[in-house]
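Encoded as structure tokens, the structure appears first; notes follow it.
The values are calculated or read from the model by the stated rules, or taken from the named source; none is laboratory data. From a predicted model like this one, the values you see are computed outputs, not experimental measurements. Note that we place each Cβ from the backbone using ideal geometry, even for glycine, and neighbour counts take in every protein chain shown.
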Protein chains: 2
Amino acid sequence: MATKKRLSGNMLIAQSGGPTAVINQTLVGAVLEARKHGEVEQVIGAMHGIQGILDEDFVNLGKETPANLEKVSQTPSSALGSVRKKPSQEDCRQIFEVLRKYEIRFFFYIGGNDTAETTHLIHQYGVEAGYEFRCFHLCKTIDNDLRENDHTPGFGSAAAFVSRAFMGDNQDNRALGGVKINVVMGRGAGFLTAASILAKTYEDDGPHLIYVPERPFSLPRFAKDVKKVMKEHGRCVVAVSEGICDSRGTPIIAKYTKEVDSHGNVQLSGTGALGDLLATELKKRSGITRVRADTFGYLQRSFPGIVSEPDAKEAREVGIRGVRFAVRGVSSGSVAIQRKPGARYMVTYECVPLKNVAKETRHMPDEFINEEGNGVTDAFVNYVKPIVGKLPTMARLKNHPVKKRKNS
Amino acid sequence: MATKKRLSGNMLIAQSGGPTAVINQTLVGAVLEARKHGEVEQVIGAMHGIQGILDEDFVNLGKETPANLEKVSQTPSSALGSVRKKPSQEDCRQIFEVLRKYEIRFFFYIGGNDTAETTHLIHQYGVEAGYEFRCFHLCKTIDNDLRENDHTPGFGSAAAFVSRAFMGDNQDNRALGGVKINVVMGRGAGFLTAASILAKTYEDDGPHLIYVPERPFSLPRFAKDVKKVMKEHGRCVVAVSEGICDSRGTPIIAKYTKEVDSHGNVQLSGTGALGDLLATELKKRSGITRVRADTFGYLQRSFPGIVSEPDAKEAREVGIRGVRFAVRGVSSGSVAIQRKPGARYMVTYECVPLKNVAKETRHMPDEFINEEGNGVTDAFVNYVKPIVGKLPTMARLKNHPVKKRKNS
């Protein structure tokens, strides 16, 4: 992270891991910023992350028009393609052969904690090989589980999708009743599932129950919780993280996978399985007949037009700041979003060590989860609201009474 | 349907069946129009369809402010609540007791073909009982399967959701590869699934394959189709109607339900099951490893903010026209949307006999489905485009080449 002398050379940028609705904002932010700095000569994009470096599958981003880049920035999912790949030592060796050949002095890798780890590995290899370059991780993940970050680009927009989905679904459930379970992305961290709370306009709106992976999930307790809500509201909307686990840390989905896999056909790692299982178990344990489950799936991370404005802005800024840190002579790091204390929502962009962001994930702090472990706190609402930005409002009829008439 | 003398009295309106994103437009259209006609005295809403009539669970819609009604019109799902209930003769008797008591002379029931059937039953009962009233069905259904209609309110907005979902998902699939199967609502009619075609901007965009219930579905043929697309594009996005059946008319989902139910736990009537089954079968039959399935579920019909503008406008108009027909003295009917022939998209609102819309559903005409039964035709695209309205555009990088460098 130490500031070194200024370097000149070409720039290479790539995207990795799960796409988001604003990951191209970061790409475009970096590409347009690079044009402002004489140190950066050619701006090259690698297709499908480090796989594109190994294959020399490159595109010339310097020739993209600002108009097309702006359109790309508003298009969801990774415009350069993505990959899930951890480089071996041999991969690193090859990568550096390519970096040398193309005189790459600025490397930017957009992604989550796995991507940060890869960036860290590449940086370490470069240092050991005595290759002078600037090496940066540009954060993104809808899971919001990167350490050192108050929140991450992509999360706000995914949360905007989830909030809206629950708003609509709460209306649907109001109209037809029963129990509705929605499974939300998030293997280890419950932030995205928890964001469903923003769907509430009225006191009796759903989600009425929220289960995150940070708390052990128990089917009997779940059934009891739902029955209590049914008694109060005559209906129940539930938000569940895909990664919920039992008290021994075994994912709920995995417990059932084994059971059924031994019998044959049914794939339970498929996306609909957890929701269907919870619905079946709930029916069995509660006697409630109308129980439905939806799994939001990939829609959450790449739905066109459902974007949090602050998220889009911040994602762009992360790309811009990465390039600025690099040309200013910072040798490596991850661009992290941190929040200024105080009532007004303001963020800063910090350059943190790669190893601090790599691998391990961040979880929801205790203060964000209610005591019963089936909901979130006001502290979480205050945290998440400005990240998600403006949401539509759901209106109700005022239910003015009609004077009862007597039978004639 | 014969035009009779003008009636005066109170108006009762209710909603039934699956909600849509614009079903409240129809409600608000009717309520605001009623205020313009002296014949209509009190405007009453029944909660949860005919159940609310039986329970005299009424709200006074006359006291709603236009401002709140406008907000409600933009809120998805049935503001008056919904129900799935076919009235018995005893129910009809009770309903007419209530209609008499509250001096209801104008009855409007918003819903699909089941709702049209109920409206028809109520109308018949009223005629036999010698009760003078105006009785109208106001069409809605995301399935787009009402006879006499070119298309139905709710379909355009659901189709706008489905198109956008496929747009984003196609980008996701481009980034990470493999096969992605998306299960779309539609038990008997494939219109909504077929609308996924609007997601295509570039020739190689998905959906690459579209399966509708109007054509028999075969797993071996499906696997063959996917392998062909994989060979051509290296990836594949598939749209499947939830209602696909085999050549004997057995729903694919039902065939597997039995098989697995005998082993116990897994509920296959749950929404994720069909997608998971198709993914498992495809992996087995094709050897492709990355196969994912999502089921769009209820999001399709009630996602806030994803509305087709023509759909919202037409849904409102259906409510307005229903009231106009009624006060003009037409005794009963269903308000149907028909399309004027010609290049420019224009619709008319016709009053058609209730029995023509009741019960039976409409299917996709042959000219809309390709010969192979795995895609749609240009005729369908021309049909559906104006119904769905404006969609976002997905942009790509231009992929300007980078000059290959030789190893030093």
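Out of the residues in the stretch B:279-296 meeting the condition of being within 9 Å of another protein chain (Cβ to nearest Cβ) and farther than 21 Å from A:VAL184 by Cα, tell me which one is surrounded by the fewest Cβ atoms within 10 Å (Cβ to Cβ).
The residue in question is B:LYS284.
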Exercise. Mind checking whether some residue in the stretch B:302-312 is part of a helix (DSSP H, G or I) and in contact with a Lys or Arg (Cβ under 6 Å, 6 or more places away or on another chain)?
Worked result: no
Problem set entry | Entirely in the stretch A:60-152, the helices (runs of 4 or more DSSP H) that have 3 or more residues that are out of contact with any strand residue (DSSP E or B) (no Cβ under 9 Å at 6 or more places or on another chain) and among the basic types (Lys, Arg) | A:89-101
Exercise. Can you tell me which residue in the stretch A:165-189 is surrounded by the fewest Cβ atoms within 10 Å (Cβ to Cβ), limited to those that are within 18 Å of A:ALA293 (Cβ to Cβ) and small (Gly, Ala, Ser)?
Worked result: A:GLY178
For this session: Give the stretch B:50-93 a look and list any residue that's within 11 Å of chain A (Cβ to nearest Cβ), surrounded by fewer than 19 Cβ atoms within 10 Å (Cβ to Cβ) and closer than 30 Å to B:LYS359 by Cβ, or say none.
Result: B:GLU56, B:ASP57, B:ARG84
For this session: Can you give me the number of residues within the stretch A:379-408 that are crowded, with 19+ Cβ neighbours inside 10 Å, touching a helix residue (DSSP H, G or I) at 6+ places or on another chain (Cβ under 6 Å) and more than 14 Å from chain B (Cβ to nearest Cβ)?
Result: 3
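Among what's in the stretch A:297-320 and is charged (D, E, K, R) and surrounded by fewer than 24 Cβ atoms within 10 Å (Cβ to Cβ), pick the residue that is nearest to the other protein chains (Cβ to nearest Cβ). Outline the logic, then answer.
So in the stretch A:297-320, the residues charged (D, E, K, R) come out as A:301, A:309, A:311, A:313-314, A:316-317.
Okay, now just the ones that are also surrounded by fewer than 24 Cβ atoms within 10 Å (Cβ to Cβ), so A:309, A:313, A:316-317.
On the way: A:GLU309: 14, A:LYS313: 19, A:ARG316: 15, A:GLU317: 21 Å.
Checked the stretch A:297-320; the qualifying residue nearest to the other protein chains (Cβ to nearest Cβ) is A:GLU309.
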Exercise. Between a first residue in the stretch A:386-403 that is among the small types (Gly, Ala, Ser) and a second residue that is assigned to a loop (DSSP other than H, G, I, E, B), which pairs have beta carbons less than 9 Å apart while being 6 or more apart in sequence or on different chains?
Worked result: A:GLY389/A:VAL307; A:GLY389/A:SER308; A:ALA395/A:THR201; A:ALA395/B:GLN74; A:ALA395/B:THR75; A:ALA395/B:ALA79
Exercise. Does B:TYR345 satisfy the condition of being in contact with a strand residue (DSSP E or B) (Cβ under 8 Å, 6 or more places away or on another chain), of a type in the set (Phe, Trp, Tyr) and assigned to a strand (DSSP E or B)?
Worked result: no
Seminar exercise, completed: Residue pairs within 6 Å by beta carbon, gap of at least six or interchain, first lying in the stretch A:187-202 and of a type in the set (Val, Ile, Thr), second modelled with pLDDT under 95 and assigned to a loop (DSSP other than H, G, I, E, B), listed first then second, are A:THR193/A:GLY186
For this session: Examine the stretch A:113-123 for a residue that is on the phi > 0 side of the Ramachandran plot and acidic (Asp, Glu), and state whether such a residue exists.
Result: no
Seminar exercise, completed: Conditions (1) basic (Lys, Arg); (2) buried (at least 19 other Cβ atoms within 10 Å of the Cβ); (3) part of a helix (DSSP H, G or I) -> B:ARG215 fails only (3)
